[in-house]
Amino acid sequence: MEWTRGITRVAVLTGAGISTDSGVPDYRGPDGIWTRDPAAAQAFTYDRFLSDPVLRARFWDTYAGHAAWLAEPNAAHRALAELDRSGTAVRVLTQNVDGLHQRAGLPARKVLELHGTIREVRCTGCGVRTATERTLLRVRMGDSDPRCDGCGAILKLAVVLFGEHLDPRVLDQARQIAAASQLLLAVGSSLLVEPAASLCSMAVHAGARLVIVNRDETPYDDLADEVVREPIGEALPRIVAALRANRKPTPTPAE
């Protein structure tokens, strides 16, 4: 892995595939949530969520028992936290909403949650944010369509649904991090969802190396220095070990 030599700044774009070993199902994989139940994707569309109370009830019922609440970080999450502790400058740009990178030991300030988080609920009216546990308790007690205690508007998880824009401040920071990195690792993402996926080309055009770790082909494979198809839980610890071993910059030959 020649591309691991001299790397001191790493950006990691992570998708659902990095969390499947923790028991959190992905969306588009062979056994993904939307593959098994295509209609479930409708609840992740902002306009439909706001207009259809039946879909909202289905959405809240799904998340009340979501695997992410009991999930633990796996070997891939822990490897990235270990890389950070070793002295490499690591920034994670995650499409995931499960919070497992932080639970693995990465400081919250080093994790940009591009698509938000399931750990908070946001009011679509007044914008107030509260801990998700409070809303889920109401759902479990029979409130299938919880409303804001303050203004009475619809509540939603603080995640970005289809039809919503990413927070421009978060996206701008992600672009700066990608452009400043020496290596961008794209891990467990189909790289089909924009604008997050375009961080790959942005990093490459700024001079970074791109390595994609994913089971399936992605639209950005042709840009990559290497594409790794082996299981993420095996590949990422191996990559991190190589980065740690080869972190010292390669000496410039004497002229």
Integer Hz, Karplus 6.51/-1.76/1.60 couplings in order for segment 206-223, x for Gly and Pro
8, x, 7, 7, 10, 10, 10, 10, 7, 5, 10, 5, 10, x, 10, 4, 5, 8
So what's the angle, to the nearest 10 degrees on a 0 to 90 scale, between helix 232-245 and the longest Cα principal axis of the chain?
40
Quick one: dipole size for the chain, taken about the Cα centre, charges +1 on Lys/Arg Cβ and -1 on Asp/Glu Cβ, in debye to the nearest 20.
840
Taking the mean number of other Cβ atoms within 10 Å as a proxy for protection, how do you rank 77-85, 59-67, 47-55 from highest to lowest?
77-85, 59-67, 47-55
Counting only DSSP beta bridges with both residues in segment 45-178, tell me the antiparallel percent, nearest 5.
70
Send over a whole-number figure in Å² for the accessible area per residue of segment 34-165, probe 1.4 Å.
46
Just to check I understand the Karplus step: with θ = phi - 60° and J = 6.51 cos²θ - 1.76 cosθ + 1.60, what whole-Hz values come out for segment 113-118, glycine and proline as x?
8, 4, 9, x, 8, 7
Taking 0.36 nm per residue of sequence separation and subtracting the Cα-Cα distance, how much length would be gained by fully extending the chain between V128 and V170, in nm to one decimal?
13.3 nm
Considering all projection directions equally, how large on average is the shadow of the alpha-carbon convex hull of segment 172-245, in square nanometres?
4.9
Here P(r) for the chain, Cα-Cα distances in 5 Å bins, as whole percents, is 1, 6, 13, 17, 18, 15, 11, 8, 5, 3, 1, 1, 0, 0, 0, 0
Computed Rg/Rh of segment 117-255, alpha carbon atoms with Kirkwood Rh:
1.13
Gain on full stretching of the segment that runs from D222 to M141 - 0.36 nm per residue minus C-alpha separation
24.1 nm
Value of relative contact order over the chain, rounded to a whole percent, pairs C-alpha under 8 Å and six or more apart:
26
I need the phi-derived Karplus couplings for segment 150-160: 6.51 cos²θ - 1.76 cosθ + 1.60, θ = phi - 60°, integer Hz, Gly and Pro marked x.
x, 10, x, 7, 5, 9, 9, 4, 7, 10, 8
Could you pull the Cα extents of segment 87-148 along its three principal axes, largest to smallest, in whole Å?
48, 23, 15
Protein accessible area in the chain, 1.4 Å probe - carbon and sulfur %
52
Taking Cα atoms, the helix 168-180 axis meets the longest principal axis of the chain at an angle in degrees (rounded to 10) of 10
Accessible-area value, C151, 1.4 Å probe, nucleic acids and ligands omitted, Å²:
70
Distance histogram for segment 37-131 (every C-alpha pair counted, 10 angstrom bins, percent rounded to whole numbers)
14, 38, 29, 16, 3
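The values are calculated or read from the model by the stated rules, or taken from the named source; none is laboratory data. Source: prediction; values computed, not measured. Here Cβ is always computed from backbone atoms with ideal geometry, including for glycine, and neighbour counts include all displayed protein chains. Just the protein is used for accessible areas: all its heavy atoms, side chains included, with ligands, DNA and RNA removed. Shrake-Rupley method; radii C 1.70, N 1.55, O 1.52, S 1.80 Å.
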